[in-house]
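The values are calculated or read from the model by the stated rules, or taken from the named source; none is laboratory data. All figures in this text were calculated on a predicted structure; none of them were measured in a lab. Here Cβ is always computed from backbone atoms with ideal geometry, including for glycine, and neighbour counts include all displayed protein chains.
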Amino acid sequence: MSNYDYYSVLIKPSWSPPAWLFGPVWTFLYIIIFISFGKVFYSCLKGHIPAKTALPFALNLLFNFAFTPIQFGLKNNYLALLDILGVLITLIWALIAVYPHIRWAAFINIPYLLWVSFAAVLQTAITYLNHNS
């Protein structure tokens, strides 16, 4: 079963966006992530900001990249819910950590924060609606 087939058979709330929307949204967000996270990692490597500032960014990337294999590879909504909450928590931590050092890197990630917040609510609903599956 392909990713689209798997996602299409899940029970979703009526306010769930169409599956085709996820690709363009994530493409836009990954551009933001590449620019801002890259700046944070570069600044840490150069010693311009404390190395501990990069920790939540690194953890966020791990949680972010783990979501698709968990949701669509393992087809495990419960682990996917825990993972998306990890993305959300580490993103909030990252934005708080970087704000005193590189403010624009915090502000540019507001669309990412909004989307991940929405995704966490959506994944919560999907997990609840499909809890017997």
Assess whether Tyr6 counts as being hydroxyl-bearing (Ser, Thr, Tyr), at pLDDT below 95 and either surrounded by 11 or more Cβ atoms within 10 Å (Cβ to Cβ) or assigned to a loop (DSSP other than H, G, I, E, B) (or both).
-> yes
Counting just the residues of region 26-63 that are of a type in the set (Val, Ile, Thr), surrounded by 15 or more Cβ atoms within 10 Å (Cβ to Cβ) and in a helix (DSSP H, G or I), which one comes out nearest to the chain's Cα centre (by Cα)?
-> Ile33
Any residue at all in region 70-83 that is modelled with pLDDT of 95 or more, among the small types (Gly, Ala, Ser), closer than 27 Å to Asn130 by Cα and not in a helix (DSSP H, G or I)?
-> no
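Filter region 105-130 down to residues that are under 12 Å from Ile33 (Cα atoms) and either more than 15 Å from the chain's Cα centre (by Cα) or not hydroxyl-bearing (Ser, Thr, Tyr) (or both), then give me how many there are. Don't jump to the end; show me each part of the working.
Here is the first cut: in region 105-130, the ones under 12 Å from Ile33 (Cα atoms) are 105-113.
Now drop any that are not either more than 15 Å from the chain's Cα centre (by Cα) or not hydroxyl-bearing (Ser, Thr, Tyr) (or both), which leaves 105-111, 113.
Of the residues in that region, 8 qualify.
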In region 14-25, which residues are in a helix (DSSP H, G or I) and either more than 17 Å from the chain's Cα centre (by Cα) or surrounded by 13 or more Cβ atoms within 10 Å (Cβ to Cβ) (or both)?
-> Trp20, Phe22, Val25
Which of the residues spanning region 72-110 are of a type outside the set (Ser, Thr, Tyr), closer than 27 Å to Tyr6 by Cα and in contact (Cβ under 8 Å) with a residue 24 or more places away in the chain?
-> Phe72, Lys75, Asn77, Ala80, Leu81, Ile84, Leu85, Gly86, Val87, Leu88
What are the residue pairs meeting all of these: first residue in region 118-133, first residue more than 10 Å from Ser16 (Cβ to Cβ) and at pLDDT 95 or above, second residue assigned to a helix (DSSP H, G or I) and not hydrophobic (A, V, I, L, M, F, W, C), Cβ atoms under 7 Å, and 6 or more apart or on different chains?
-> Thr127/Asn77; Thr127/Tyr78; Asn130/Asn77
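In a helix (DSSP H, G or I), closer than 23 Å to Phe28 by Cβ and in contact with a Pro (Cβ under 8 Å, 6 or more places away or on another chain): which single residue out of Trp115, Trp104, Trp93 fits that description?
Details: Trp115 fails: in contact with a Pro (Cβ under 8 Å, 6 or more places away or on another chain); Trp104 fails: in contact with a Pro (Cβ under 8 Å, 6 or more places away or on another chain).
It is Trp93.
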In this structure, is Phe37 modelled with pLDDT of 95 or more and touching an Asp or Glu at 6+ places or on another chain (Cβ under 7 Å)?
-> no
